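Worksheet for the structure shown next.
The values are calculated or read from the model by the stated rules, or taken from the named source; none is laboratory data. The structure displayed is predicted, hence computed values, not measured ones. Glycine also receives a Cβ, built like all others from the backbone with ideal geometry; neighbour counts cover every protein chain displayed. Each accessible area value is taken on the protein alone, full model and side chains, heavy atoms only, with ligands, DNA and RNA left out. Shrake-Rupley method; radii C 1.70, N 1.55, O 1.52, S 1.80 Å.
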Amino acid sequence: QVQLVESGGGLVQAGDSLRLSCAASGRTLSRYTMAWFRQAPGKEREFVAYFSWSGGIRYNSDPVKGRFTISREDAKNTVYLQMDSLKPEDTAVYYCAATSRPGPAQIVKAYEYWGQGTQVTVSA
């Protein structure tokens, strides 16, 4: 079992930055693909970015291109999402997820473990 706890969310203004953290316990993350998803009110959960155990990185380009950066520190069992130039449309609950399964890593059903989420609210 892997337990994931997100932190770092909050209320910010458009143009500000936030850094989300996801701390894992129960297993070491070195063999897991880690991802961030987000879910806005009334919308489906949306892929943001993943960082595979083999070092591959992918972003959901259109919404976050050039503004968000995913990173991981396996020694600390932690994954980060640096979010810059935030926009009101980035407002959502952000979830951390982990999977050891092979296959496409940008879809919700690929992930075995989820955190509880952290709220990010961006005011205009």
Of 73-80, 28-35, 56-63, ordering from highest average Cβ density within 10 Å down gives 28-35, 73-80, 56-63
Translational diffusion coefficient, Stokes-Einstein: compute it for the chain using the Kirkwood radius over C-alpha pairs as Rh, at 20 °C and 1.002 mPa s, and state it as an integer in µm² s⁻¹.
151
Separation in nanometres of the label points that stand 7 Å from Cα toward Cβ, at residue 7 and residue 61:
3.6
Whenever you get a sec, compute what percent of the accessible area on the chain sits on carbon and sulfur atoms (1.4 Å probe).
48
Given only helices, namely DSSP H runs of n ≥ 4 each adding -39500 (n - 2.57), what is the per-residue ellipticity at 222 nm of the chain, to the nearest 500 deg cm²/dmol?
-500 deg cm²/dmol
Could you state the accessible area per residue of the chain in Å², with a 1.4 Å probe and every protein chain left in place?
52
Once amide hydrogens are built 1.01 Å from N within the peptide plane, the residues lying 5 or more places from residue 113 or on another chain with amide H under 5 Å from its amide H are 98
In Å, the Kirkwood hydrodynamic radius from C-alpha pairs for the stretch 6-78 sits at 13.6
For the stretch 41-46, what does the Karplus curve 6.51 cos²θ - 1.76 cosθ + 1.60, with θ = phi - 60°, yield as ³J(HN,Hα) per residue in whole Hz, taken in order and with x for Gly and Pro?
x, x, 10, 6, 5, 10
